[in-house]
Amino acid sequence: QYTNKINILKDITNMISYNYLCFLTLIKKEIFRFLKVGIQTIVGPAISSLLFLAVFSLALGRSVNSINGIDLPYFIAPGLIMMTMLQNSFANSASSIGQSKFQGNIVDILMAPLNNLELTLGYIIGSVCRGVICGLFTTLGVLIFIPLQIYSFSALIFFTLTGCIMMGTLGTIVGIWADKWDQQQGITNFIVLPLTFLPGTFYSISRLPDFWQTVSSINPFFYNIDGFRYAFTGRSDSSLISGSIFLIILNIMLIMICYLMFKKGYKIKF
């Protein structure tokens, strides 16, 4: 454990002292990668979220006017924005590493003068950038129909970053772990999508039975969506402090897992 701490400190020192150009190049590569196909990676998710908003507003608008005292469109819109950011942050790092592995060009990244911490943070920051940009485009689309107002800028920034970092690290882990596209798509379809749809995106968990409320309380996606909704509405279904602490600890653990996977060369070095 002591040796691992020394290695991490060396990686941090090297990154700060002289290797920032390589580190910034990796981030630039990750950002340009999704910007070149922006219609698919940015505009597409924004349109999908607007369609969800339209469908739920039209389908439930007459029978459900409000949730927890919040008008239905104002309740759903923040959840959809956060859901878009979470899904796209995950997709960015997972697809980037997956494509590099399956095409055999990940060796170009591994041979670059980048230490394990720089590789970890480079992919995560690229994912955060895609998530934030997708969230901005989705928000701009929502504002055309719903005049959202920000209640708490600090909550908006905090839960945006913690959510995108969480999914960026998960995408990195899945990208390294998956040996083929089927495995990666299986994680996306059977884990990521359900977990982003179910934790109160379209409803309040206070309406769920006690058992499912307990299940939702251990779902980190719930705290991101609930906190992000609070940034616009000023109301939440959970303790923001507890949720924030939970997300910070989880993100630190996930970043360490990513770092150790790069350090060990798990499924990327042979």
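Per-peptide packing, taken as the mean over residues of other Cβ atoms within 10 Å, places 35-43, 133-141 in the sequence 133-141, 35-43 from highest down.
Heavy-atom accessible area for residue 129, with the other protein chains in place and a 1.4 Å probe, reaches approximately 40 Å².
Per-residue SASA remark: residue 207, around 150 Å² accessible (1.4 Å probe; ligands, DNA and RNA not included).
Take the Cβ atoms of residue 207 and residue 182, set R0 to 25 Å, and the FRET efficiency comes out at 0.10. Could you do me a favour and compute the accessible area per residue for the chain, 1.4 Å probe, result in Å²? Ligands and nucleic acids excluded, the result is 50 Å² per residue. Scanning the chain for long hydrophobic helices, with DSSP H runs required to stretch 27 angstrom or more by C-alpha along their axis and to average at least 1.6 on the Kyte-Doolittle scale, returns 153-177, 240-264. Multiplying the residue separation of residue 219 and residue 110 by 0.36 nm and removing their Cα-Cα distance gives an extension gain of 35.9 nm.
Provide the gained length on full extension for the span residue 144 to residue 54, in nm with one decimal, where the gain is 0.36 nm per separating residue minus the Cα-Cα distance.
Full extension from residue 144 to residue 54 adds 31.2 nm.
The mean sequence separation of alpha-carbon pairs under 8 Å and at least six residues apart, normalised by the residue count of segment 135-229, gives a relative contact order of 35 percent. Rounded to the nearest Hz, the phi-derived 3J(HN,Hα) couplings of segment 185-190 under the Karplus curve 6.51 cos²θ - 1.76 cosθ + 1.60 (θ = phi - 60°) are 5, x, 4, 5, 6, 9, where x marks glycine and proline.
Report in % the part of the accessible area of segment 53-159 that belongs to carbon and sulfur, leaving out ligands and nucleic acids; probe 1.4 Å.
The computed percentage sits at 66.
The gain in end-to-end length when the residue 31 to residue 197 segment is fully stretched comes to 57.1 nm, 0.36 nm per residue minus the alpha carbon separation.
The values are calculated or read from the model by the stated rules, or taken from the named source; none is laboratory data. Everything numeric in this text was worked out from a predicted model, so none of it was measured. Quick reminder, even Gly has a Cβ in these numbers, built from the backbone with ideal geometry, and neighbours come from all protein chains shown. The area values use the complete protein model at the heavy-atom level, side chains included, leaving out ligands, DNA and RNA. Shrake-Rupley method; radii C 1.70, N 1.55, O 1.52, S 1.80 Å.
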